[in-house]
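Attaching a single structure in structure tokens format; questions to follow.
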Amino acid sequence: MDVFIRRLSAADVATYRQIRLESLQRHPDVFGTSYEEEAVLPDEVFVQQLTTNLILGGGADEQHVTGIVGFIVGGALKVRHKGILWGLYVQPEARGSGLAKALVNTLIDAVKDEVEQIQLSVGAHNVPAARLYQGFGFEPYGLENSALKVGEQYLDEVLMALDLRKLKQS
Ligand SMILES: CC(C)(COP(=O)(O)OP(=O)(O)OC[C@H]1O[C@@H](n2cnc3c(N)ncnc32)[C@H](O)[C@@H]1OP(=O)(O)O)[C@@H](O)C(=O)NCCC(=O)NCCS
């Protein structure tokens, strides 16, 4: 499937806010922040996310963003060689046609000369997402027990990393 992927900017705040909140509402068990917390935030906070993170949006064409992924690099000198992939989401009706793969692929391509390592965490129960990351060469390096508490349910998260130096050598 042909997909359109682009960096979302401050001008995309309405689109980004809508799809980000939808992801949190639909999947409370896979994201570290909750819908209730983010839904009350003003647009300025979403604009700030768009300007301080690399946030990609994708879909069948430029106007219809049906998937997103975020990436951030820490500010401190000693951690600037790595970044965190977060917030990957594809709307249910757009799933299964390679959009998430295209988003992650474009993200890796965009940051591969900026950082040496991409880290992420994925719910231990989230088989589709873990398979996707493994397909790109992400490897598990730890398990955080009870990483999230959603209501009365505790959820473990697998910590994964992609070593971009290794990737470049292969
Ligand atoms: C995980 C998610 C982003 C996948 O989106 P998608 O666009 O359907 O994924 P793609 O079509 O690009 O599939 C890419 C790969 O993911 C894996 N995958 C996707 N859906 C899968 C499923 N239902 N079961 C097993 N593996 C699956 C496969 O490895 C697939 O590669 P393949 O088609 O070559 O087998 C989507 O299901 C989603 O938004 N889920 C809810 C939010 C979420 O879990 N985000 C991740 C947080 S860490």
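The values are calculated or read from the model by the stated rules, or taken from the named source; none is laboratory data. Keep in mind that this is a model prediction, so the values were computed, not measured. Note: ideal-geometry Cβ built from the backbone for every residue, glycine included; neighbour counts use all protein chains shown. Accessible surface is based on the protein model in full, side chains and every heavy atom, while ligands, DNA and RNA are left aside. Shrake-Rupley method; radii C 1.70, N 1.55, O 1.52, S 1.80 Å.
Can you run down the residue pairs with Cβ atoms below 8 Å, 6 or more apart or on separate chains, where the first is in segment 3-32 and under 18 Å from residue 61 (Cα atoms) and in a loop (DSSP other than H, G, I, E, B) and the partner is among the polar types (S, T, N, Q) and open to solvent by 50 Å² or more (accessible area, probe 1.4 Å)?
The qualifying pairs are 8/15; 9/51.
Only residues that are more than 7 Å from the ligand (Cβ to nearest atom), closer than 17 Å to residue 56 by Cα and open to solvent by less than 60 Å² (accessible area, probe 1.4 Å): list them for segment 78-109, please. Show your work before the answer.
In the first step, residues of segment 78-109 are kept if they are more than 7 Å from the ligand (Cβ to nearest atom); the result is 78-87, 91-93, 103-109.
Next, only the ones that are closer than 17 Å to residue 56 by Cα stay: 83-87, 91, 103-109.
Those that are more than 7 Å from the ligand (Cβ to nearest atom), closer than 17 Å to residue 56 by Cα and open to solvent by less than 60 Å² (accessible area, probe 1.4 Å): 83, 85, 86, 87, 91, 103, 104, 106, 107, 108.
Kindly indicate whether residue 54 is open to solvent by less than 10 Å² (accessible area, probe 1.4 Å), in contact with a Phe, Trp or Tyr (Cβ under 8 Å, 6 or more places away or on another chain) and not charged (D, E, K, R).
Working: open to solvent by less than 10 Å² (accessible area, probe 1.4 Å): no; in contact with a Phe, Trp or Tyr (Cβ under 8 Å, 6 or more places away or on another chain): yes; not charged (D, E, K, R): yes.
So residue 54 fails the test.
So which residues in segment 112-134 are touching a residue at least 24 places away in the same chain (Cβ under 8 Å) and either acidic (Asp, Glu) or loosely packed, with under 11 Cβ neighbours inside 10 Å (or both)?
114, 116
Got a number for residues in segment 110-133 being over 17 Å from residue 68 (Cβ atoms), β-branched (Val, Ile, Thr) and within 12 Å of the ligand (Cβ to nearest atom)?
Count: 1.
Of everything in segment 26-51, what is open to solvent by 60 Å² or more (accessible area, probe 1.4 Å) and in contact with a Lys or Arg (Cβ under 7 Å, 6 or more places away or on another chain)? Give them in sequence order. Outline the logic, then answer.
First, the residues of segment 26-51 that are open to solvent by 60 Å² or more (accessible area, probe 1.4 Å): 26, 28, 32, 35-37, 40, 42-44, 48, 51.
Within segment 26-51, just 43 meets the criteria.
For segment 148-165, which residues satisfy the criterion of being over 16 Å from residue 24 (Cα atoms) and open to solvent by 30 Å² or more (accessible area, probe 1.4 Å)? If you could, list the steps in order and put the result at the bottom.
Step one: of segment 148-165, the residues over 16 Å from residue 24 (Cα atoms) are 152-154, 156-165.
Hits for segment 148-165 are 152, 153, 154, 156, 158, 159, 163, 165.
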